[in-house]
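Structure, as structure tokens:
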Ligand code: CDP
């Protein structure tokens, strides 16, 4: 049987990462946070004092990333999140990260990958696809709490403005824009805590795995 792939796309701070991690634990699958790859590229550009709006600077950083550094807390800052959405508009950067993600998707017995374009571009044949979203004010509150735990004291309104700007850039870019795959199940986590969001996600995934989406 083909490897099982679960694609979890969605907006910033929608809960997709937490849901993906819990799904992976539940099924005993590997988990990849594809956003961390773009964040590592952003960190690379920033450390090399490159220009995040220059495709060749961003590509150089993309070719040099080490995915095993995804637990580096420095990539979780709001600034790196913003830079990540800048470098991720470049087709060459996206192409440089594609094979790693596709190879990851082939890991047995299965993989859960979260991001923006997993169900559309990276793994269009995924057996289960979710698109996770929540109201912007709720997402800003969640990100505020998360950033606070990293010692970032920026205000909630500033975070909300950044999330909106990032969502707009991610949805508007020409290559691999953030959007639900045609066969993705939509999940709004605005009114759900982590447990309830996971349960809702699991129910949708189980439904897809018993009758996989048709591309
Ligand atoms: O955690 P959060 O949802 O804020 O962001 P992330 O998933 O870590 O992704 C950071 C940025 O990387 C996003 O704003 C996107 O611009 C980019 N990204 C992407 O273009 N494609 C992906 N598959 C994942 C992330």
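The values are calculated or read from the model by the stated rules, or taken from the named source; none is laboratory data. Note that the structure is a prediction, hence the values are computed from the model and not measured. Quick reminder, even Gly has a Cβ in these numbers, built from the backbone with ideal geometry, and neighbours come from all protein chains shown.
Does residue 130 qualify as being within 15 Å of the ligand (Cβ to nearest atom), buried (at least 22 other Cβ atoms within 10 Å of the Cβ) and touching a residue at least 12 places away in the same chain (Cβ under 8 Å)? Even if it seems obvious, please write down each step before you answer.
Working: within 15 Å of the ligand (Cβ to nearest atom): yes; buried (at least 22 other Cβ atoms within 10 Å of the Cβ): yes; touching a residue at least 12 places away in the same chain (Cβ under 8 Å): yes.
Yes.
Out of all the residues in the range 153-176, is one or more within 15 Å of the ligand (Cβ to nearest atom), at positive phi and outside any helix (DSSP H, G or I)?
yes
Which residue, of 39, 74, is under 25 Å from residue 124 (Cα atoms) and either near the ligand (Cβ under 10 Å from one of its atoms) or surrounded by fewer than 22 Cβ atoms within 10 Å (Cβ to Cβ) (or both)? Let's see the steps before the verdict.
Numbers: 74 fails: under 25 Å from residue 124 (Cα atoms).
Answer to the check: 39.
Among the residues of the range 94-113, is any within 21 Å of residue 162 (Cβ to Cβ) and within 12 Å of the ligand (Cβ to nearest atom)?
No, the range 94-113 has no match at all.
The rows are residues; the columns are (1) at pLDDT 95 or above; (2) surrounded by fewer than 16 Cβ atoms within 10 Å (Cβ to Cβ); (3) under 22 Å from residue 23 (Cα atoms); (4) more than 14 Å from the chain's Cα centre (by Cα).
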site: 107; (1), (2), (3), (4): yes, yes, yes, yes
site: 117; (1), (2), (3), (4): yes, no, yes, no
site: 152; (1), (2), (3), (4): no, yes, no, yes
site: 205; (1), (2), (3), (4): yes, no, yes, yes
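The rows are residues; the columns are (1) modelled with pLDDT under 95; (2) touching a strand residue (DSSP E or B) at 6+ places or on another chain (Cβ under 8 Å); (3) farther than 23 Å from residue 84 by Cβ.
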site	(1), (2), (3)
126	no, yes, no
137	no, no, no
168	yes, no, no
185	no, yes, yes
198	no, no, yes
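Looking at 22, 69, 16 in this structure, which one is at pLDDT 95 or above and surrounded by fewer than 18 Cβ atoms within 10 Å (Cβ to Cβ)? Don't jump to the end; show me each part of the working.
Values: 22 fails: surrounded by fewer than 18 Cβ atoms within 10 Å (Cβ to Cβ); 16 fails: surrounded by fewer than 18 Cβ atoms within 10 Å (Cβ to Cβ).
Exactly one residue qualifies, and that residue is 69.
Return the total of residues in the range 135-149 being in contact (Cβ under 8 Å) with a residue 40 or more places away in the chain and touching a helix residue (DSSP H, G or I) at 6+ places or on another chain (Cβ under 8 Å). Break it down into steps so the answer makes sense when it comes.
Of all residues in the range 135-149, those in contact (Cβ under 8 Å) with a residue 40 or more places away in the chain come to 135, 138-140, 142-143, 146-147.
Subset that is touching a helix residue (DSSP H, G or I) at 6+ places or on another chain (Cβ under 8 Å): 139-140, 143, 146-147.
So the count comes out to 5.
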